Structure formats: C-alpha cells, structure tokens
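What follows is calculated from the coordinates using simple rules that are stated; it is not laboratory data. These figures come from a predicted structure and were not determined experimentally. Cβ placement follows ideal geometry from the backbone for every residue including glycine, while neighbour counts extend to all protein chains displayed.
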Amino acid sequence: MNIFTYKLDHDYGLAPNPFGSHFTLAVCKSGIRSNANLQIGDWIIGTGSVKLGNLNHLIYAMKLEEKITFQNYWEDERFKYKKPKINGSLVQLYGDNFYHKEPETNKWIQEDAAHSLANGVNIKHLNSDVSGEFVLVSKEFYYFGDSSFKIPIELRKVCSKGRNMMWRKIPDSVKVDFVNWLSQNYSIGIHGDPISWKEHIK
C-alpha cells in the first residue's frame, strides 16, 4: 500500500469532489492521477497549507477503488450528477464531470464549469487536467474540509513538506498507523463544507 500526499492551497469541492455517493479526484493533481505506481487500494491524502492557514491539517483521505478515463466518467450514469450546473447550488457549480471528446474530431471538449472561463474554454486547465489520464473514484473516504484538524505529531510524516506530491518517503509503518488511526477514530463520509466556500458568503 502506498500513500500519495500533497498540500491544498484551495478547497472548493471541485478537486477533490466529495459529494454524492462517490468521492472523485478528476481535475488538478495530474501527477498523481497519471502516476504508474498508483494502484487500487492505495490512499490519496490532501493536507492543509500556509495559504489556507491550516498547515498539517487533514482535509481529506480517500482509498482508491477505481480508475476510469474521462470519457468513461462522462458517459457513466453513476456520475451524471457530477456534471456541473453554473447557475445551480454550490455543489452543482463545482461538479467535476465536464471533459469528454468530440466523436468526429476526437478533440477534447471542456463544458462550462468552475474550471472554464466566462468566455469559453480554459486551455491551460484543459491541457493540464486531461494529462492526468484517469479520474480517481472512491466510496471509502474521509472529507473534513472546514472541519479539518491537525494530524497527530507521530503521523505527520504523511504530510508533504514541499509543493509537490510525495509518496516514496513515507515509512511503511507510518502508512499503516495512519490508516488504522483514521478508520478507528472517524466515520467514512463528509464531515465539513469545502474550506473555500467562505468566499461565497459575504
């Protein structure tokens, strides 16, 4: 079992998207989503940052259960509810299911979403996102958002110290202890709202 960990500098409920029956990581973090070493049963952890004012806090942890392509994600009826609605609720606005290919040209389409621009496609985001190749899916997840808390000192080796994701440097014993601690002390599911939603409440 590996743990892939990184720091979040924003949290809108888009990347990751914790809503509904499936927890998904579909955009951003292409380095994790395309990593050849990422296997079913591994864990992905998002922790706090100086920018969010919550360094070493646990924002979320997901156990990887499924890797699917963007096209399959778009076509799968299970994930229809994750297609964004710009004028909908915050949950709908930050839907992450908006990439698919034009059948005739095989070119990527970016539907209107929180990741697009007001006047059309955000090419920078599109190119970065689809380079990740896979959408990561889980039902065994813990999302804390604005109820995040500091990870115990003895387990903080799961926290990335730099800007990029980390996975090789985490000792095996810490991986096991972290997962045991998490599952024994917290229930699976959503425990808070996305941290950055406070920007919508003024």
So how far, in whole Å, is the C-alpha centre of region 1-76 from the one of region 143-159? 15
Can you report the principal axis dimensions of region 104-184 using only the alpha carbons, biggest first, rounded to whole angstrom? 51, 28, 26
I need the shape label for region 32-89. Rule: rounded when a/c is under 1.5, else prolate if a/b > b/c, else oblate, with a, b, c from the alpha carbon gyration tensor. oblate
So if we plug the beta-carbon distance of Lys139 and Asn180 into 1/(1 + (r/R0)^6) with R0 = 22 Å, what FRET efficiency do we get, rounded to 0.05? 0.70
Please determine, in degrees from 0 to 90 and to the nearest 10, the orientation of helix 172-185 with respect to the longest principal axis defined by the Cα atoms of the chain, where the helix direction is its Cα long axis. 80
Under the Kirkwood approximation for Rh and a Cα-based Rg, what ratio Rg/Rh is obtained for region 87-151? 1.05
hull vol. (C-alpha, convex hull) per residue for region 163-202, Å³ -> 111
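Over region 1-135, what is the relative contact order in whole percent, taking alpha-carbon pairs under 8 Å and six or more residues apart? Spell out each step's value before the answer.
Values: 239 pairs, mean separation 36.4, N = 135.
Computed over region 1-135, the figure is 27 percent.
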In whole Å, largest first, the alpha carbons of region 14-140 cover along the principal axes 44, 30, 27
Can you give the helix-only mean residue ellipticity at 222 nm for the chain, where every DSSP H stretch with n ≥ 4 adds -39500 (n - 2.57) and the sum goes over all residues, rounded to the nearest 500 deg cm²/dmol? -4500 deg cm²/dmol
Can you divide the C-alpha Rg of region 65-202 by 2.2 N^0.38 Å and report the result to two decimal places? 1.26
